[in-house]
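For reference, the structure is listed below as structure tokens.
The values are calculated or read from the model by the stated rules, or taken from the named source; none is laboratory data. Because the structure is a prediction, the values reported are computed rather than measured. So basically every Cβ, Gly included, is an ideal-geometry build from the backbone, and we count neighbours across all protein chains shown. Accessible surface is based on the protein model in full, side chains and every heavy atom, while ligands, DNA and RNA are left aside. Shrake-Rupley method; radii C 1.70, N 1.55, O 1.52, S 1.80 Å.
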Amino acid sequence: MDINKRRLRAGIVGGGTGAFIGSVHRIASELDGQSLVVAGAMSSDAEKARKSAEAWHLDRSYDSFEKMAQAEAARGDGIDFVIIATPNHMHFPVAKAFLEKGIHVVCDKPMTFTLKEAEDLVAMVEAKKTIFAVTYNYTGYPAVRQAREMVKRGEIGDIRRVMVEYLQDWLMEPLEKTGQKQAAWRVDPERAGISCCVGDIGTHCENLLAFITGLKVESVCADFSTFVAGRRLEDDATVLLRMEKGARGSLTCSQVSCGEGNNLNIRIYGTKAGLEWHQEEPNTLTVKPAGKAWENWYRGARYMGEEAKALTRTPLGHPEGYLEAFAALYKMVATDIRRVKSGEAPLGGYPTVRDGLRGIQFVVKTVESSKKGASWVDMPRG
């Protein structure tokens, strides 16, 4: 059947029973009726993979991602794209297996375990002309799109300062010692990589900053802390930023900040106005014009720009949140998969493999800076 006359078929690797993010991906991918998850290799444990697939009523279950990639590529009704919802150390081998079969990829962040893997993925994706999206999902909020549009139009003026924070408290105790799965792999260097807090949530900060402002970070000065005794990776970090065009910034991420849930917020200050957005109150964008009263701009209002309107599902006063923002990325990805399979150029608008690479570069350079005693370290150019 013509791909434009049916729902896309999705597969998922990881995200089995007990994994929060797997269900988020499934709901988000299916929310707009563009895709349906039909196959999965949902755990490295064969029995858990089978039971997880049964719980989701999937048509096909596999006990390894390798078998899944090979079998789905050979089917006439095989998956159009795969969702990667595994711990970090498995992102690259899974992505590689499906890309080699010409299957498009939606990957959780951080994109890879190492910088070399990220560079290899960029080369592979660009050579094969496949769609590769990284789920920096906070870019899917209409208010975030409005902020970016205002920056692009020059309404903020020249950006001087950006302050971005991501504060949580869920790792303030040694939760990993209790057998809690989500904590255990994030603080394990063999599965998470060289960073816990920056890799897990600090990369969201860097991506959100770059997405809204259009400015790249040129150098970093990072101070990592590990407050929970015996933990092998950092659970808190503060980073000073030097950005393009002389802008300066600060980035704070913490998973041991008592009382915080998922407090991601960003403040941007230009020569004409400031902007402020809080993820826990995502439908409001605060605009601070020079010499005038502050204004609250609301998702769904008629005065919002076209980018914000395109990602708005419900009328003003009907809140949209985390799942809808996640789904916005899947909606754009589905559009591009259809376009590519029909011989058209992709439209983009979502974080790509290049954004994933920059996220890994940011992790590597902040780790390097912290190890050097919070010295300034340059980010890669280009």
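Note on the range 311-335: residues that are more than 23 Å from the chain's Cα centre (by Cα) and either open to solvent by 80 Å² or more (accessible area, probe 1.4 Å) or at positive phi (or both) total 4. Checked against the criterion of being β-branched (Val, Ile, Thr) and open to solvent by 20 Å² or more (accessible area, probe 1.4 Å), the candidates ILE27, ILE79 yield just one match: ILE27.
Filtering the range 177-205 to residues that are among the β-branched types (Val, Ile, Thr), under 17 Å from the mean Cα position of the chain (by Cα) and surrounded by fewer than 24 Cβ atoms within 10 Å (Cβ to Cβ) leaves only ILE201. Number of residues in the range 35-91 that are in contact with a Gly (Cβ under 6 Å, 6 or more places away or on another chain), within 19 Å of ALA133 (Cβ to Cβ) and among the aliphatic types (A, V, I, L, M): the value is 4.
Filtering the range 311-335 to residues that are among the hydroxyl-bearing types (Ser, Thr, Tyr), part of a helix (DSSP H, G or I) and in contact with a helix residue (DSSP H, G or I) (Cβ under 9 Å, 6 or more places away or on another chain) leaves TYR322, TYR330. The single condition among (1) part of a helix (DSSP H, G or I); (2) open to solvent by 70 Å² or more (accessible area, probe 1.4 Å) that ALA308 does not satisfy is (2). Specify the residue that is most open to solvent (accessible area, probe 1.4 Å); the eligible residues are those in the range 44-68 that are under 13 Å from GLY22 (Cβ atoms), touching a strand residue (DSSP E or B) at 6+ places or on another chain (Cβ under 9 Å) and hydrophobic (A, V, I, L, M, F, W, C). The residue in question is TRP56. Take GLU295 and tell me if it is surrounded by fewer than 17 Cβ atoms within 10 Å (Cβ to Cβ) and farther than 27 Å from GLU206 by Cβ. Yes: the conditions hold for GLU295.
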